[in-house]
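Just below is one structure, and these are the notes that go with it.
The values are calculated or read from the model by the stated rules, or taken from the named source; none is laboratory data. Fair warning: this is a prediction, and the values are worked out from it, not measured in the lab. Note that each Cβ is placed from the backbone with ideal geometry, even for glycine, and that neighbours are counted across all protein chains shown. Accessible surface areas use protein heavy atoms only, side chains included; no ligands, DNA or RNA. Shrake-Rupley method; radii C 1.70, N 1.55, O 1.52, S 1.80 Å.
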Amino acid sequence: PVADLAEAYRLDLDGGAVAELLGGGPSEVPDRYRAADPRTSVPIRSRIVVIHGEMDQQVPAAMSRDFVAAARTAGSDIAHYELPECEHFGLIDPESAAWPVVVAALRSLHEDQRPIDAASPTR
């Protein structure tokens, strides 16, 4: 996920997509960043699952790692899956090797249970 909109703006991810979405940078529309930025929303009261491909070239995996660390420090119930050999779009492709992990992780939110498999999350 783009879990830190201010950082995504600074890195100019996807050619200015964050500025286009929010109508400017953090200094121009700070209220929009405060309202929309997951990084500033911690602690989060609901259980969270973050899934990121290690080979993601669009959004750095470090962004998810930093978000997860901040959320855990703040007391959020968060699971983090970082999938090897998976790039950005592999997480949304039902034909990818990552798909079963994605489905299990999302089901764990609905079924109030933790997925257990070889690619189990870090906690």
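Results, tabulated for the structure shown:
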{"item": "Sole residue being touching a His at 6+ places or on another chain (Cβ under 6 Å) and hydrophobic (A, V, I, L, M, F, W, C), chosen from A19, A61", "result": "A61"}
{"item": "Failed criterion for L109 (all others in (1) open to solvent by 50 Å² or more (accessible area, probe 1.4 Å); (2) part of a loop (DSSP other than H, G, I, E, B) hold)", "result": "(2)"}
{"item": "Segment 6-19 residues that are more than 16 Å from D31 (Cα to Cα), paired with ones that are open to solvent by less than 60 Å² (accessible area, probe 1.4 Å) and in a helix (DSSP H, G or I) (beta carbon under 6 Å, 6 or more apart)", "result": "A8/V18"}
{"item": "Number of the exception - S108 against (1) of a type in the set (S, T, N, Q); (2) out of contact with any strand residue (DSSP E or B) (no Cβ under 9 Å at 6 or more places or on another chain); (3) farther than 22 Å from A6 by Cβ", "result": "(2)"}
{"item": "Single residue of segment 1-46 satisfying the filter (open to solvent by less than 30 Å² (accessible area, probe 1.4 Å) and among the β-branched types (V, I, T)) that is nearest to A62 (Cα to Cα)", "result": "V18"}
{"item": "Residue match in segment 46-58 (condition: modelled with pLDDT of 95 or more and at positive phi)", "result": "no"}
